[in-house]
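Undergrad: Starting off with a structure, shown below.
No value in this document is a laboratory result; all are computed from the given coordinates. Note that this is a predicted model, so its numbers are computed, not measured. So basically every Cβ, Gly included, is an ideal-geometry build from the backbone, and we count neighbours across all protein chains shown.
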Amino acid sequence: MKIAVACDHGGLNLKREIIRYLDEHGHQTVDYGCDSFDSCDYPDFALPAAEAVAGGECDRGIVVCSTGIGVSIVANKVPGVRCAHCHDSYCAEYTRLHNDANMLALGEKVVGVGYALKIVQTFLETKFEGGRHQRRIDKITRIEEKYCKKNSD
């Protein structure tokens, strides 16, 4: 699986551990930054990762900041992205089963590395159930179409 990964300065340590984990498990990663502990703006990194997922360049995405909240808000502004902010494996499982989430947001200061990697594993291995849940995803898509301007380029 090809996975977009991004963070701000508050998520750099966890992003590095996630990339190491993904590489060890045979996934291809595309790192959208950041690469420094210097203060930076999370939208500058979460947005290109989300655009890569929405555009089909990457199968899934994982974004990290101190809490996971900021990067999830940014990612969810991109039509076609369903980014779930998860702090446990139960949420990671059910966001895949029921929401067909294609991006995961984590907070480095919220969850430890070991558990974060379990959340990542669950998120990547869980398949979407479809069925009645597809109807709900279709409704989300219609909301995006109603409220988001589509780029005509």
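Undergrad: Going toward the positive end of the dipole of the range 2-147, with +1 on Lys and Arg Cβ and -1 on Asp and Glu Cβ, which of 110, 43, 97 do you reach last?
TA: Of 110, 43, 97, it is 97.
Undergrad: So, one more: Using the basic label-point model (7 angstrom from Cα toward the beta carbon), what is the residue 140 to residue 23 distance in nanometres?
TA: Going by the 7 Å Cα→Cβ label model, 3.1 nm.
Undergrad: Quick one: grab the alpha carbon gyration tensor of the range 54-108, order the square roots of its eigenvalues as a ≥ b ≥ c, and give me rounded if a/c is under 1.5, else prolate or oblate depending on whether a/b is larger than b/c. Don't jump to the answer; show the numbers that get you there.
TA: Working: a/c = 1.85, a/b = 1.12, b/c = 1.66.
Here the range 54-108 falls in the oblate category.
Undergrad: Would you mind calculating the relative contact order of the chain from Cα pairs under 8 angstrom and at least 6 residues apart, reporting the percent as a whole number?
TA: Numbers: 291 pairs, mean separation 34.1, N = 153.
The normalised contact order for the chain reaches 22 percent.
Undergrad: Collect residues whose amide H, placed 1.01 Å from N in the peptide plane, falls under 5 Å from the amide H of residue 86; neighbours closer than 5 in sequence don't count.
TA: Counting only residues 5 or more places away or on other chains, the set is 105.
Undergrad: Taking R0 as 30 Å, what FRET efficiency do you get between residue 31 and residue 98 from their Cβ-Cβ distance, rounded to the nearest 0.05? Let's see the in-between values first.
TA: Details: r = 29 Å, r/R0 = 0.97.
So the FRET efficiency works out to roughly 0.55.
Undergrad: If you keep only loop residues by DSSP, which chymotrypsin sites (Phe, Trp or Tyr not before Pro) in the range 22-56 have at most 13 other Cβ atoms within 10 Å of their Cβ? Present the calculation step by step, with values, prior to reporting the outcome.
TA: Working: sites: 32, 37, 45; in loops: 32, 37.
Those satisfying the criteria are 37.
Undergrad: Would you work out if the chain is rounded, prolate or oblate? Take a ≥ b ≥ c from the square roots of the eigenvalues of the alpha-carbon gyration tensor; rounded if a/c is under 1.5, else prolate when a/b is larger than b/c, oblate otherwise. Let's see the in-between values first.
TA: Values: a/c = 1.72, a/b = 1.25, b/c = 1.38.
Note, shape of the chain comes out oblate.
Undergrad: So which trypsin sites (Lys or Arg not before Pro) in the range 26-87 are both in a DSSP loop and have at most 16 other Cβ atoms within 10 Å of their Cβ?
TA: Numbers: sites: 60, 77, 82; in loops: 77, 82.
Hits after loop and neighbour filter: 77.
Undergrad: Just the isolated ones, please: cysteines in the chain lacking another cysteine beta carbon under 4.7 angstrom.
TA: Those would be 7, 34, 40, 58, 65, 83, 148, since no other cysteine Cβ in the chain comes under 4.7 Å of theirs.
Undergrad: Using 32 Å as the Cα-Cα cut-off, could you pick out the over-long pairs in 2/77; 118/146; 15/77? Walk me through the numbers before you get to the answer.
TA: Numbers: 2/77 21 Å; 118/146 36 Å; 15/77 21 Å.
From 2/77; 118/146; 15/77, over 32 Å: 118/146.
Undergrad: Per-residue ellipticity at 222 nm for the chain, helices alone: DSSP H runs ≥ 4 residues times -39500 (n - 2.57), over residue total, nearest 500 deg cm²/dmol? Display every interim value, and only then the final one.
TA: Working: 6 runs with 72 residues, N = 153.
Mean residue ellipticity at 222 nm (helix-derived): -14500 deg cm²/dmol.
Undergrad: Dipole size in debye (nearest 20) for the range 2-147 around its Cα centre, Lys and Arg Cβ +1, Asp and Glu Cβ -1?
TA: Details: 17 positive and 21 negative charges, 140 e Å.
For this selection, approximately 680 debye.
Undergrad: Quick one: net charge of residue 28's neighbours, Cβ under 13 Å, K/R +1, D/E -1? Intermediate values should be presented prior to the final figure.
TA: Numbers: positive: 2, 60; negative: 23, 24, 31, 57, 59.
After counting each charged neighbour, the total is -3.
Undergrad: Counting other C-beta atoms within 10 Å, and keeping those with at most 12, which DSSP coil GluC sites (Glu not before Pro) do you find in the range 77-149? Let's see the in-between values first.
TA: Working: sites: 93, 108, 125, 129, 144, 145; in loops: 108, 129.
When the GluC sites (Glu not before Pro) of the range 77-149 are filtered for loop state and at most 12 Cβ neighbours within 10 Å, nothing remains.
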